[in-house]
Every structure is written in structure tokens, then in C-alpha cells.
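The structure appears right after this line, and notes come after that.
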Amino acid sequence: MPHALSPSLALLLVIVGVALTYFGAELLIRGAARLARRFGMSPFVIGVTVVAFGTSAPELFASVRASLEGAGELGVGNVVGSNIANICLILGIGALLAPIAVNSLVIKRDAPIMCGISLLAAVTMLDQRITRFDGALLLAGIVAYVCFNYWRGLKDPKTREQALELEHEHGLQLEKNIHPRLLPNLLFTIIGLVGLTGGAALLVDGSVDLARWAGVPEIVIGATIVAFGTSVPELAASIQAARKGHADIAIGNVLGSNVFNLLCVLGAAALARPITVTAHTLKWHLPAMLLVSILIIPIMGSGRRIARVEGTLLLLAYFAYAVGAYVLRLA
């Protein structure tokens, strides 16, 4: 098959695509959140819906775009790889900056919920095909998850506080700005959507060409380059939170983003077009995601914090996963 782009141009498209999706997501979060506030939505509800969706928007747009172009494996790799990157890279880097204290409810409730949803998503892949019915089931799951978070916020002041702090990490001061202006924030939202759409197109097209030139499956490119690129918003927000001493926000951001990726992103991609899952995914990428999703629970439970040593091990685990993906393919 002839290559449409040279490797250098394909790499440039990936870099520009990552930048556009990052800034597009930030503009979308700011514009949509302020519009929601203008129309009477509470800051807490905005935190568990608009902001949570916005941080996963790059994965969503990239995976749906890949699915529509017939590169569904790239979309699956994006979801699986992003979840691994979120746990290993984001929590690893956060722990290196400062040991992360872990709330007991995270260990007893939030992390097990993420593990359960990871297993549910894995079940949909076992027959090597994610159907539209599977996609609809996953999307129904994200609706239930958002409703659960809303109900939990009404009962748990800590959850409400975390949602508001996550907004502040994205530069939102919604409680102070009760009546945001309509047109500027509508413009932010539109520009953000355009940036996300264009960035996702460049990211997917460049990644597909890179995969062809390198002679590796799209799943490998999706699980490494695309996954890292689309995890930039979560990485930036979590590092900023850790620097400000809000390490619990980094954990909440990671767990919430992983749930959104599996339910919303994978569900939407499958609904757009059924996805074929390769044996390579079932043998390497999916087990790796399940393994880190499960192991993070005892890591967080050891002293109820993620220490610098454990952060280093998480980073090493990610690099071992990425290298293993390429080595196994070459073997």
C-alpha cells in the first residue's frame, strides 16, 4: 500500500494534532462550563459532567474519528493505552512531585468501580468484536455513572469539593462568576469543538501513516503515541493539582477519566462503527490495562498513599509496557 505521507510529515501531523486537541479541550471546558453556569447549572454538576467529559474529549474525538475511518483498532489502542498512561504516567509523575495521600473511600469504592468497568469493557472484547449493541451498553453505563456521581455529591461534601477543585485546575471560577457572558463563551465552545475535530483528524491520519511506515499494527501506535497525546489534558491538570497540594484531585481525575474512556469513548466509537479486536490486543494490551487497574489498589492501600518509590515503579511499568508492545510485534 503506498504511503500518503512521509514519516516526518506524518509525525508533524501527530504533533499538531496533539496540540490542537489539547487547546481545543481546554477551550471547550471553559466555554461549555461557563455557558452551563449561565443557564443555571450548579458548579458541582458542571464538575461531574462538563469538566469530566472535557478532559476525555481528545480520546473521544480521536477514537470516533479512527472508527469512522475504519481504523477501529487505533481507537481501541487509544482507550486502553490512555488508561495505562493515566495510571502509570500521571500518578507516577504526581507521586514523584510529592507523595500522594489516598482517601480510604477511593480504595474501597472508586478504584474497585474502575476495575469493575475495566472488566466489563474487557468482556465486550473477548469475541474480538465490539458491536453497536456493546457500544450502546457502554454508553448507558456512562449515564448511570454520571447519575451516581451526582447522587454521591449530594451525600458526600468531599466529592462536591473535589469536583469544584477540578474546575479550578482548569482556570474556572464559576462560583465567583455567576453570570458569564454568552457570546464569548459560546465562541470558546465552538472554537474548542473545531480544534478538537481538526486535531483528532490530524492525529489519526498522521498516526495511521506512521503505523504503515513503521510496519506495526495501528493498535500499537494507538496505545502509545496517540494514547500519550490524548492524555495530555489529564496529565497537565493532575501535575498542576499535585504542585498545589491537591493530590487527591489527581487520583480522582485519573479514575474518572479511565471510566469515561471505557464507557463513553469506547462506546461511542463502537456505536459509530463496530470494531474488530485483534488477538494482539487480547494477549498484550488488554491484560496490561487490567493488571495496572487492579494493582493500583494495593499500591494505594499500602500506607494509604503513593510514595515516590511506587511512583518510580509506575513509570518503569509504563515504559516496559510500551517497549513490550513494539518488541512483541517485531517478534
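A few comments on the model shown:
- Test: residue in segment 238-245 that is at positive phi, of a type in the set (Gly, Ala, Ser) and either at pLDDT below 80 or surrounded by 20 or more Cβ atoms within 10 Å (Cβ to Cβ) (or both): yes
- Residue tally, condition in a helix (DSSP H, G or I) and either of a type outside the set (Gly, Ala, Ser) or closer than 22 Å to Ala288 by Cβ (or both), over segment 97-116: 13
- Condition check for Gly324: modelled with pLDDT of 85 or more and under 20 Å from Ala111 (Cα atoms): no
- Residue in segment 72-94 that is farther than 21 Å from Leu235 by Cβ, surrounded by 19 or more Cβ atoms within 10 Å (Cβ to Cβ), more than 19 Å from the chain's Cα centre (by Cα) and at pLDDT below 90 present: no
- Applying the criterion of being touching a residue at least 24 places away in the same chain (Cβ under 8 Å) and either among the polar types (S, T, N, Q) or farther than 15 Å from Val265 by Cβ (or both) to the residues of segment 107-121, the residue that is surrounded by the most Cβ atoms within 10 Å (Cβ to Cβ) is Ala111.
- Every pair of residues 6+ apart whose Cβ atoms lie under 9 Å, when the first sits in segment 276-305 and is on the phi > 0 side of the Ramachandran plot while the second is exposed (fewer than 15 other Cβ atoms within 10 Å of the Cβ) and part of a helix (DSSP H, G or I): Arg304/Ser104
For (1) farther than 21 Å from Ser231 by Cα; (2) of a type in the set (Ser, Thr, Tyr); (3) at pLDDT 95 or above; (4) surrounded by fewer than 24 Cβ atoms within 10 Å (Cβ to Cβ), each residue gets a yes or a no:
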{"position": "Ser257", "(1), (2), (3), (4)": "no, yes, no, no"}
{"position": "Leu266", "(1), (2), (3), (4)": "no, no, yes, no"}
{"position": "Leu286", "(1), (2), (3), (4)": "no, no, yes, yes"}
{"position": "Arg304", "(1), (2), (3), (4)": "yes, no, no, yes"}
{"position": "Leu328", "(1), (2), (3), (4)": "yes, no, no, yes"}
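- Scan segment 100-145 for residues that are of a type outside the set (A, V, I, L, M) and touching a strand residue (DSSP E or B) at 6+ places or on another chain (Cβ under 7 Å) and the total you get is 3.
- Residue match in segment 299-308 (condition: under 11 Å from Ile84 (Cβ atoms) and either in a helix (DSSP H, G or I) or not polar (S, T, N, Q) (or both)): no
The values are calculated or read from the model by the stated rules, or taken from the named source; none is laboratory data. Keep in mind that this is a model prediction, so the values were computed, not measured. As a convention, Cβ positions derive from the backbone with ideal geometry for all residues, glycine included, and neighbour counts pool all protein chains shown.
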